[in-house]
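Colleague: This structure is in structure tokens; I'll ask about it shortly.
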Amino acid sequence: MRIRTAAVLGVFIAAPWGTASAQTAPAGREVRPVRATVAPKLDGRLDDAVWSGAPLPAENWVSYNPLRGEPEQQRTRVWMAYDDAAIYFAFRAHDTDPERIRTTITRRDNAWNDDWVAISLDSSRAGQVAYHMFINPSGIQMDALQTASGEDSAVDWTWQSAGRVDEEGYVVEVRVPLQSIRFRGGDDVRMGVMFFRRNSRLGISWSWPEMRPGQWVFESNVTAQFGQLKQPLLLEVIPSATMSANQSRDAGAVWPKVRSRGDLGASVKYGITSTVTLDATVNPDFSQVESDAFQVEVNQRFPTFFSEKRPFFMEGLGLFDLAATGGDGTMRTAVHTRRIIDPLAGAKLTGTAGRQTFAFLSAADESPEGDADSLFTIGRVMRNTGPGQYVGALVTDIEYRGSHNRVAAADLSLRRGQSFRVSGSAMYSDSRSLEGLASSGSAGLVDVSYRTRRLNLSSFVEHFDSGFQMDTAFINRVGLTRTFQYGEVQFYPDQKKHPWLKRIAPFFWTVYAEDRQQGGDELFAMPGLRFDFTRQGNFRIDHGRGHETFAGREFPVNRTFVLGQAQFLRWLNAGGFMQKGKGIFYDPADPFGGSYTSLGNWVTLQPTAKLRHNLEYNFSDFHRESGEQVFGVHVVNLRNTYQFNPQFLLRAITQYDSARKRVLGDFLASYELVPGTVVHAGYGTFLESVNSRPYESTARAFFFKASYLARF
């Protein structure tokens, strides 16, 4: 059996897809924000003059997760206003039991388990990029950038919010500076907007307008019609200063002299036009304030993925995603910027022009050998063919000492009605090694899905030539052709009889692959069952059986998997998983089969609104068929955070990995006024046990960073 992606892709391109006019926002829906004569004070109270009028006609909110199409159980009212400097929002979130509202004082982007309200703002009205702003009842912010190819929660931008719990529920106020969003100014400015609300204890999310199955924000939002709005000049400069002191030694050796280093850097953001932005950085500070959590890395067939955490690369990173990548596919992302290890300078250009959205990234990466630097160049363009639909292209190029890796890609995402979607990508690579050897290859992916309130069906096909190479990507393997099919039926119990049970979903997943690198095929079939409960609870159980080929040998494999988690109390969130079965020990020279166990547990304790403890434990082992243990690994990650206020926190992290016999201690004091204006001071120490010696410190470091966001 040989699956050819290109042929499948061609069939779907030729299909009679709906035009942009067939997928529009709800007919007749339009809201008109009021012009504010006096800007509201953000204090979590609705006593400002601008909120004294009638709220928006945002009535009859409808659930979208996990229930579909159910009316709101708690009433929500929204106001919207604007002036020459900003757009303002106010929410009155009614709650019949305000004492059970869950809210915390925590750092940005860390309050997803709380109650919250949210805004989706498609400021350019192009149906390609939307700003998502989430706010908990204490005013803590979470944000994300939605593009046609996915939602990127790594991005941060400057906006203000406040919240307060009272006897009726809670109030949230939001200010979005016009400098922070891209739009085309004029006398009649139109943007797309919609609103969300999450109730933590019920475990239900609602939206206005309704999001039907298979739809997302670009297909569901309504038009917000403003009067005159002028796009202000965007010019931001962020100078930064860093200082670090490091020591490292072999176990038992004397500490060497401290190595100190200080650096100055600067980043600039400039609005070339109202919809095009240039970002540039020189001698950037790419020290990672957030440590990568330890993970079980023993007997992993594929490399471990670590997310990007450096601000310059995080912002707008989702624009470079290709359709049909991610998920369970072999290619997790086409542009994984952690491949750029030690950049000297970088520039990004992003924007929209009519129906086109584009992005360009260039960065020079310093060579570890100290010779010629690698030059990364990445370009992306997408053309909107309707809300949430596009055709696009991506090119990537890496040059280093005469070697290169160049990739050209095309992708698309199309809809047919409300429920049917197809997305796909086609890629071609051309490479030359340092030794002068040339190689090339093609790849393709197609993802087809059909989603209704009751059914969730999807089919995925991918093909990678053995000569395909994409050094900007995070990709597990090449020389592979694979397809998987997924089907799920969703049942919604009577909420009057079973108010604690929200959804039951039996599912079936199967995968077949030809692995030309390993010299065989693989097949796996897995039925399972999912449950969704109140208190954000969920439970899953499945069992799968099949075979897998590795190093030319075929091995039987199976697994039983159980997963569950819930917000049991306002101060307690806990969950865990267990996986057991038959697997492979991935020794390239002499692989063998056996049995394995993998389990993990996590607990979040929030005894007060400001104090949080996160504990995660993972265990993995493998036994030969004879019963002999090959390995047993324990990994512990402990994080303790005290958030004095939304800007200032103290954090201590302890991480333990029994396989590598290492312990990491990481301590941080952090103050963030707004994204860009920050002060961090941290100390870290690394302890190891070598040759059964007691654990002792082999590395320690101190760092200090300060930066300031100046807007002109």
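The values are calculated or read from the model by the stated rules, or taken from the named source; none is laboratory data. On a predicted model such as this, the values are computed, not experimentally measured, just so you know. Here the Cβ is made from the backbone with ideal geometry for all residues, glycine too, and neighbour counts use every protein chain on show.
Colleague: Give the residues of the stretch 410-466 that are β-branched (Val, Ile, Thr) and surrounded by fewer than 22 Cβ atoms within 10 Å (Cβ to Cβ), sorted by residue number. Give the derivation first.
Modeller: Within the stretch 410-466, the first condition is being β-branched (Val, Ile, Thr), and the residues that meet it are 422, 446, 448, 452, 461.
Val448, Thr452 - these are the residues of the stretch 410-466 that are β-branched (Val, Ile, Thr) and surrounded by fewer than 22 Cβ atoms within 10 Å (Cβ to Cβ).
Colleague: A further question follows. Identify, by number, the condition in (1) surrounded by fewer than 21 Cβ atoms within 10 Å (Cβ to Cβ); (2) over 24 Å from Ala126 (Cα atoms) that Thr396 doesn't meet.
Modeller: For Thr396, the failing item is (1).
Colleague: Something else now. Got at least one residue in the stretch 578-587 being over 30 Å from Gly519 (Cα atoms) and either surrounded by fewer than 18 Cβ atoms within 10 Å (Cβ to Cβ) or touching a Gly at 6+ places or on another chain (Cβ under 8 Å) (or both)? Outline the logic, then answer.
Modeller: Taking the stretch 578-587 and keeping what is over 30 Å from Gly519 (Cα atoms), we get 578.
The next check asks that each one be either surrounded by fewer than 18 Cβ atoms within 10 Å (Cβ to Cβ) or touching a Gly at 6+ places or on another chain (Cβ under 8 Å) (or both); those that pass are 578.
Checking the stretch 578-587: at least one residue is over 30 Å from Gly519 (Cα atoms) and either surrounded by fewer than 18 Cβ atoms within 10 Å (Cβ to Cβ) or touching a Gly at 6+ places or on another chain (Cβ under 8 Å) (or both).
Colleague: Failed condition for Val254, given (1) over 30 Å from the mean Cα position of the chain (by Cα); (2) closer than 20 Å to Ser124 by Cβ, with all others met?
Modeller: Val254 satisfies every listed condition except (2).
Colleague: Under 8 Å between Cβ atoms, at least 6 apart or on separate chains: pull out the pairs that start in the stretch 87-114 with a residue that is assigned by TED's automatic domain parsing to the domain that holds Ser180 and at pLDDT 95 or above and end on any residue that is part of a helix (DSSP H, G or I) and not aliphatic (A, V, I, L, M).
Modeller: Ala90/Trp51
Colleague: Right, something else. Can you name every residue in the stretch 426-461 that is more than 22 Å from Asp397 (Cα to Cα), in contact with a Gly (Cβ under 6 Å, 6 or more places away or on another chain) and either at pLDDT 95 or above or not assigned by TED's automatic domain parsing to the domain that holds Gly327 (or both)?
Modeller: Within the stretch 426-461, Val446, Leu457 meet the criteria.
Colleague: Given the criteria closer than 30 Å to Gly417 by Cα and touching a helix residue (DSSP H, G or I) at 6+ places or on another chain (Cβ under 8 Å), does Ser120 qualify? Give the steps one after another, and end with the answer.
Modeller: On the way: closer than 30 Å to Gly417 by Cα: yes; touching a helix residue (DSSP H, G or I) at 6+ places or on another chain (Cβ under 8 Å): yes.
Yes.
Colleague: Looking at (1) under 30 Å from Thr377 (Cβ atoms); (2) part of a loop (DSSP other than H, G, I, E, B), which is the one condition that is false for Val446?
Modeller: (2)
Colleague: Continuing with this model, one more query. Return only the number of the condition from (1) outside any strand (DSSP E or B); (2) surrounded by fewer than 22 Cβ atoms within 10 Å (Cβ to Cβ) that Phe183 does not satisfy.
Modeller: (2)
Colleague: Related question: So, of the residues in the stretch 247-274 that are exposed (fewer than 11 other Cβ atoms within 10 Å of the Cβ) and small (Gly, Ala, Ser), which turns out to be nearest to Ala710 (Cα to Cα)?
Modeller: Within the stretch 247-274, the match that is nearest to Ala710 (Cα to Cα) is Gly262.
Colleague: Identify the single condition in (1) touching a His at 6+ places or on another chain (Cβ under 9 Å); (2) touching a residue at least 40 places away in the same chain (Cβ under 8 Å); (3) closer than 17 Å to Ala241 by Cβ that His680 does not satisfy, given that it satisfies every other one.
Modeller: If we test His680 against (1) touching a His at 6+ places or on another chain (Cβ under 9 Å); (2) touching a residue at least 40 places away in the same chain (Cβ under 8 Å); (3) closer than 17 Å to Ala241 by Cβ, just (1) comes out false.
Colleague: Could you check, for the stretch 139-159, whether at least one of its residues is without any contact (Cβ under 8 Å) to a residue 24 or more places away in the chain and under 30 Å from Phe312 (Cα atoms)? Let's see the steps before the verdict.
Modeller: Of the stretch 139-159, the ones without any contact (Cβ under 8 Å) to a residue 24 or more places away in the chain are 144.
Now restrict to residues that are under 30 Å from Phe312 (Cα atoms): 144.
Yes; the residues of the stretch 139-159 include at least one that is without any contact (Cβ under 8 Å) to a residue 24 or more places away in the chain and under 30 Å from Phe312 (Cα atoms).
Colleague: In addition: Please state which one of Val636, Val690 is part of a strand (DSSP E or B), of a type in the set (A, V, I, L, M) and under 24 Å from Tyr617 (Cα atoms). Break it down into steps so the answer makes sense when it comes.
Modeller: Details: Val690 fails: part of a strand (DSSP E or B).
Selected residue: Val636, the only one of Val636, Val690 that is part of a strand (DSSP E or B), of a type in the set (A, V, I, L, M) and under 24 Å from Tyr617 (Cα atoms).
Colleague: Restricting to the stretch 642-666, what's the tally of residues that are closer than 21 Å to Gly600 by Cβ and polar (S, T, N, Q)?
Modeller: Here the count works out to 3.
Colleague: Can I ask one more? Within the stretch 310-331, take every residue that is in a helix (DSSP H, G or I) and among the aliphatic types (A, V, I, L, M) and give me the one that is modelled with the highest pLDDT.
Modeller: First, the residues of the stretch 310-331 that are in a helix (DSSP H, G or I): 311-314, 317-320.
Still in the list and also among the aliphatic types (A, V, I, L, M): 314, 317, 319.
On the way: Met314: 75, Leu317: 79, Leu319: 86.
Of everything passing the filter in the stretch 310-331, Leu319 is modelled with the highest pLDDT.
Colleague: Could you tell me which numbered condition Met331 fails, if it satisfies all but one of (1) in contact with a Ser or Thr (Cβ under 7 Å, 6 or more places away or on another chain); (2) more than 13 Å from Ile475 (Cα to Cα); (3) not hydroxyl-bearing (Ser, Thr, Tyr)?
Modeller: The number of the failed condition is (2).
Colleague: Any residue in the stretch 275-286 that is of a type in the set (Asp, Glu), over 25 Å from Ala669 (Cα atoms), at pLDDT below 90 and under 28 Å from the mean Cα position of the chain (by Cα)? Give the steps one after another, and end with the answer.
Modeller: Looking only at the stretch 275-286, we keep the residues that are of a type in the set (Asp, Glu), and these are 279, 285.
Keeping just the survivors that are over 25 Å from Ala669 (Cα atoms) gives 279.
Checking which are at pLDDT below 90 leaves us with none.
Among the residues of the stretch 275-286, not one is of a type in the set (Asp, Glu), over 25 Å from Ala669 (Cα atoms), at pLDDT below 90 and under 28 Å from the mean Cα position of the chain (by Cα), which makes the answer no.
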